[in-house]
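The values are calculated or read from the model by the stated rules, or taken from the named source; none is laboratory data. Because the structure is a prediction, the values reported are computed rather than measured. FYI the Cβ positions are ideal-geometry reconstructions off the backbone, even for glycines, and counts take in every protein chain you see.
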Amino acid sequence: MWHILIFVFGAIIGSFLNVVIYRLPRGGVTLWIPPYSFCPNCRKKIHWFDNIPILSYILLKGKCRYCGWRIPIRYFLVEVVNASGYLLNSFVFEDPFKMVSSCLILSSLIAITFIDLDTMLIPDSLNLLVLVGGLVIALRSSFLEHFLSSLFAFFMFLLMHRIYKGGMGMGDVFLAGSLGMMLGFFPMILTVLAASFSGIIYALVKNKGKVDMKLKIPFGPFLATSGYIIFILSNILRWSVWQEFF
């Protein structure tokens, strides 16, 4: 029963994340004004029975009830992924502080991923939430290692920001530092490698196999996705080899 409630709560938060992803980068609206959900196409208010996480998308067949606008599948995926992630966290973490922090981090990373894909920008407020969650995890683990990992990741990405001017934004720099606080040294190194590899593959696919050093891609989604996956794996596997050195 507890895990079902966690999944439902995760779906509700996922529904709110869709509001964050749409409104946070845009002018003319805030997270709270207007105080209701509306169709981005016809701007009509969405009533509660059409705003039930996951279920409403299925019942409406992915279309607005009023104008027939096809709702992007992203809305459905955000709710499902966030709910599933919360459920996974409840199985992985026995420590309630780590469990709550991991859910905060997951939701922030999901919002970062889609906002960066849309705008090539990462809001500072979301990076701050990742840092807060990472700080709680660091305090419940080995704080010194996580703190040094955060500094290392921050200054490494800051150096890349200075070297590749315009190729990497400060949002990526702060995200790397926040993830370093959450992960620790070894998982953070794996995260950078995985994010770099997946980013290269994405760039090649997007550019039809051609190498273009001037092609700009949002790096935040790859950093966020790799960071969370490796974070979960590191807690499941407990990195026994790494623990021999720390």
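With the structure loaded, tell me whether PHE174 is touching a residue at least 40 places away in the same chain (Cβ under 8 Å), in contact with a Phe, Trp or Tyr (Cβ under 6 Å, 6 or more places away or on another chain), surrounded by fewer than 24 Cβ atoms within 10 Å (Cβ to Cβ) and part of a helix (DSSP H, G or I) or whether it fails that test. Against the criterion (touching a residue at least 40 places away in the same chain (Cβ under 8 Å), in contact with a Phe, Trp or Tyr (Cβ under 6 Å, 6 or more places away or on another chain), surrounded by fewer than 24 Cβ atoms within 10 Å (Cβ to Cβ) and part of a helix (DSSP H, G or I)), PHE174 does not qualify. Selection of first residues in the stretch 48-77 that are closer than 15 Å to ASN18 by Cβ and of second residues that are assigned to a helix (DSSP H, G or I) and of a type in the set (Asp, Glu), restricted to Cβ pairs under 6 Å at least 6 apart or on distinct chains, gives the following pairs, ordered by first then second residue: PRO53/GLU79; ILE54/GLU79; SER56/ASP50. A residue that is aromatic (Phe, Trp, Tyr) and crowded, with 18+ Cβ neighbours inside 10 Å occurs nowhere in the stretch 159-166. The condition of being modelled with pLDDT of 95 or more, in the same structural domain as LEU223 (by TED's automatic domain parsing) and not in a loop (DSSP other than H, G, I, E, B) does not hold for PHE7.
From LEU135, LEU117, LEU88, which residue is touching a helix residue (DSSP H, G or I) at 6+ places or on another chain (Cβ under 9 Å), modelled with pLDDT of 95 or more and over 18 Å from GLY177 (Cβ atoms)? None of the other options fit; the residue is LEU88. For ASP118, the conditions (1) under 14 Å from the mean Cα position of the chain (by Cα); (2) assigned to a helix (DSSP H, G or I); (3) surrounded by 15 or more Cβ atoms within 10 Å (Cβ to Cβ) all hold with the exception of (3).
Select from the stretch 122-131 the residues that are part of a helix (DSSP H, G or I) and surrounded by 15 or more Cβ atoms within 10 Å (Cβ to Cβ) and write down the one among them that is farthest from the chain's Cα centre (by Cα). Only one residue fits best here, namely LEU131. Does SER84 meet the test of being within 20 Å of SER15 (Cα to Cα), in the same structural domain as PRO25 (by TED's automatic domain parsing), without any contact (Cβ under 8 Å) to a residue 12 or more places away in the chain and not in a loop (DSSP other than H, G, I, E, B)? Criteria not met by SER84.
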